[in-house]
Amino acid sequence: MYSRYSMMIQWSDEDAAYIVSFPEFPSAHTHGASYEEAARNGQEVLDLLLGSYKEVRHSLPEPVSFQYAAA
């Protein structure tokens, strides 16, 4: 499912894994052993979140908009 929601993937030395967080859904997190696995897991969590919000008719948060800053 395509969405305009953000997914941030960062390496964690402490966890020895890539950690995925979602700015619009601060309590949601996942991880993966590789960047690719973390991205797949993140997309799965995001799809589940959006489905759950729609199922219980909760209002979805506004997507965060990031501005590109050219160097």
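Each reported figure results from applying straightforward, stated rules to the coordinates on display, with no laboratory input. All values reported here derive from a predicted model rather than from experimental measurement. Cβ coordinates were reconstructed from backbone atoms using ideal geometry, including for glycine residues, and neighbour counts include every protein chain displayed.
Structure notes:
- Leading residue by the ranking (nearest to the chain's Cα centre (by Cα)) among those in the stretch 45-71 that are charged (D, E, K, R) and closer than 17 Å to R4 by Cα: D47
- Residue count for the stretch 14-44, restricted to those that are closer than 14 Å to R4 by Cα and either in a helix (DSSP H, G or I) or among the hydroxyl-bearing types (S, T, Y) (or both): 2.
- Taken together, the residues in the stretch 1-13 that are assigned to a strand (DSSP E or B) and among the small types (G, A, S) amount to 1.
- Among (1) in contact (Cβ under 8 Å) with a residue 24 or more places away in the chain; (2) exposed (fewer than 11 other Cβ atoms within 10 Å of the Cβ); (3) among the aliphatic types (A, V, I, L, M), the one test that I9 misses: (2)
- Residue in the stretch 12-38 that is farthest from V64 (Cα to Cα), counting only those that are touching a residue at least 24 places away in the same chain (Cβ under 8 Å) and surrounded by fewer than 17 Cβ atoms within 10 Å (Cβ to Cβ): Y35
- With respect to the conditions (1) part of a loop (DSSP other than H, G, I, E, B); (2) touching a Ser or Thr at 6+ places or on another chain (Cβ under 7 Å); (3) not β-branched (V, I, T), L60 lacks only one, and its number is (2).
- When N41 is tested against the conditions (1) in contact (Cβ under 8 Å) with a residue 40 or more places away in the chain; (2) among the polar types (S, T, N, Q); (3) touching a Ser or Thr at 6+ places or on another chain (Cβ under 7 Å), the lone failure is (1).
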